[in-house]
Amino acid sequence: MKIEFVGATAGEAPMTWGQRLMWRAVHLMGASQNYLNCPFVFPVYGRRELSFVLDALRVLIERHEALRTTFSDAGQRVSRSGVLEIELVEAGAERGLRVAERVATEMAHAVFDHGSEWPLRCTVVLKDGRPFALACVFTHLAVDYAALALLAEEWKALLRGAVLPPVAWQPRDQAGLESSDRWQARSARSIAYWRDVLRDTPLDVFDHPPSEPENPRFIEVTMDSPALAVAATRLSNRLTVSSTSVILAACSEALAQVSARSRVVMQLVHNNRRDARTREMVGTVGQDALIVLDPPGPDFAEFCRNTHRAALQAYRNAHYDPAAMTVMREQAGGHDLDAFFNDRRAAPGWPALPPDTDLSVANTRTYTEKAWPGVRFKVFFTVGADPGTGLLSLIADTAYLPRATAESMLRGVEARLVGAV
């Protein structure tokens, strides 16, 4: 099937700073750039006809320039009109949402042709002929996980028949703002902060050379731990810091133990949506923040508080021109900052966590599902977006972190959080 859309705007602009960060990653990852794809499922609430569901999707595309944008080295190009091909899949006897999640994941395997392809692919999952869910995959150049949460809320409203207010801020507006003198000055302040931090930062993440890697070399180990969610929530409430900071502190401690460095240095993936305008924008504005932590002492609660304060300072200095930042980092000595932390949750907490979940680790499991030959991170922690369980994954370069070590680090994070409650 096809959706024909006609938006109110069109035009060209440079990429936002966040898009430029993603554009660089697209080229660095090559065939593994599908790592940057964002699968997402929009449930169909109520008994809706197919035409109603497709119309709601059309409205989203017409409202948000990011969903009708193509990308090139020259920048972003917003088209006023176009056609999106839609697939239909019948779920049969399977659960509709499970089918939708599988379809979205399968669509995410293919890389996007950013210069000629729309930045989303969609499949309507049917149950006995009626729309049950919309399975999508987006390129990260067009959306981040905060943008997906915005789209999910608008999707619910459209299915209720609501008329949405006009969109006040689009990625082209953001790109124009970032070129202004005020934001160039903001970029200079962030780069100065990074320069000062890097003066006392080791050049390499690990204090040992690489060993013989495993095959595949780059893997992603995931831990599914309801206990982690319970412990992080309780610690967050008790210490009056975010659960993100609590988990970051435990991950930093785990990294300190294996890196043998006197200080822990990590880049934090930050959505950069503190500005009221960007909080309501569908697009990508996130950039990396830089945090440096002294090794944790015996008081883990105090380390969590210190981590929270340091993270807030890092977030305040995560708005910068990527090209200018690259120049500064090269001049500063080319530090290897290949340790990352990303919290993909759109909102704090785990709202779908069963109320009877406790601190027992009996149901915790770790598994390795993915290998990314072009994703060359040494260390990349990710808090998963599942609202019903604590998901923590670790992409590891096995030349530095063998699979067994990566699994042990995740279990160590869980043990630290559960033990600190």
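The values are calculated or read from the model by the stated rules, or taken from the named source; none is laboratory data. Quick caveat, the model's predicted, so the values are computed rather than measured. Cβ placement follows ideal geometry from the backbone for every residue including glycine, while neighbour counts extend to all protein chains displayed. Surface areas here come from the heavy atoms of the whole protein model, side chains and all, with no ligands, DNA or RNA. Shrake-Rupley method; radii C 1.70, N 1.55, O 1.52, S 1.80 Å.
The table that follows gives values for the structure above.
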{"read-out": "Test for T105: is it over 29 Å from A175 (Cα atoms), open to solvent by 10 Å² or more (accessible area, probe 1.4 Å) and among the β-branched types (V, I, T)", "value": "yes"}
{"read-out": "Complete set of residues in segment 64-76 that are more than 14 Å from V137 (Cβ to Cβ) and either crowded, with 17+ Cβ neighbours inside 10 Å or at pLDDT below 95 (or both)", "value": "H64, E65, A66, R68, T69, T70, F71, G75, Q76"}
{"read-out": "Qualifying residue in segment 218-234 (condition: part of a helix (DSSP H, G or I), surrounded by 15 or more Cβ atoms within 10 Å (Cβ to Cβ), in contact (Cβ under 8 Å) with a residue 12 or more places away in the chain and in contact with a strand residue (DSSP E or B) (Cβ under 7 Å, 6 or more places away or on another chain))", "value": "yes"}
{"read-out": "Residue in segment 369-388 that is open to solvent by 50 Å² or more (accessible area, probe 1.4 Å) and modelled with pLDDT of 95 or more present", "value": "no"}
{"read-out": "Count of residues meeting criterion [under 12 Å from the mean Cα position of the chain (by Cα) and more than 24 Å from R48 (Cβ to Cβ)] in segment 132-153", "value": "6"}
{"read-out": "Unmet criterion (only one of (1) more than 23 Å from S32 (Cβ to Cβ); (2) surrounded by 12 or more Cβ atoms within 10 Å (Cβ to Cβ)) for Q287", "value": "(1)"}
{"read-out": "From the options G96, G129, G92, residue that is over 19 Å from the mean Cα position of the chain (by Cα), over 30 Å from D294 (Cβ atoms) and free of Cβ contacts under 8 Å to residues at least 24 places away in the same chain", "value": "G92"}
{"read-out": "Cβ-Cβ under 8 Å pairs, at least 6 apart or on other chains, segment 161-190 side open to solvent by 40 Å² or more (accessible area, probe 1.4 Å), far side aromatic (F, W, Y)", "value": "R186/Y320"}
{"read-out": "When residues of segment 333-347 are limited to those that are open to solvent by less than 40 Å² (accessible area, probe 1.4 Å) and over 17 Å from V264 (Cα atoms), the one modelled with the lowest pLDDT", "value": "R345"}
{"read-out": "Single match in S252, S259, S245 (criterion: of a type in the set (S, T, Y), within 18 Å of the chain's Cα centre (by Cα), open to solvent by less than 60 Å² (accessible area, probe 1.4 Å) and closer than 27 Å to V421 by Cβ)", "value": "S245"}
{"read-out": "Residue pairs meeting the criteria (Cβ under 8 Å; at least 6 apart or on separate chains; first acidic (D, E), in segment 10-38; second open to solvent by less than 40 Å² (accessible area, probe 1.4 Å))", "value": "E12/G75; E12/Q76; E12/V78"}
{"read-out": "Filtered residues of segment 117-171 (kept if part of a helix (DSSP H, G or I) and at positive phi)", "value": "none"}
{"read-out": "Inter-residue pairs, beta-carbon under 8 Å, first over 14 Å from D386 (Cβ atoms) and in segment 354-369, second in a strand (DSSP E or B) and open to solvent by 70 Å² or more (accessible area, probe 1.4 Å), 6+ apart", "value": "none"}
{"read-out": "Members of segment 77-102 found to be open to solvent by 40 Å² or more (accessible area, probe 1.4 Å) and farther than 27 Å from L164 by Cβ, listed by number", "value": "V89, E90, A93, E94, R95, R98, R102"}
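Every residue, every condition in (1) closer than 30 Å to R68 by Cα; (2) in a loop (DSSP other than H, G, I, E, B); (3) touching a Gly at 6+ places or on another chain (Cβ under 9 Å); (4) of a type in the set (S, T, N, Q), yes or no:
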{"position": "S211", "(1), (2), (3), (4)": "no, yes, no, yes"}
{"position": "C251", "(1), (2), (3), (4)": "no, no, no, no"}
{"position": "Q257", "(1), (2), (3), (4)": "no, no, yes, yes"}
{"position": "S262", "(1), (2), (3), (4)": "no, yes, no, yes"}
{"position": "R273", "(1), (2), (3), (4)": "yes, yes, yes, no"}
{"position": "V285", "(1), (2), (3), (4)": "yes, yes, yes, no"}
{"position": "R305", "(1), (2), (3), (4)": "no, no, no, no"}
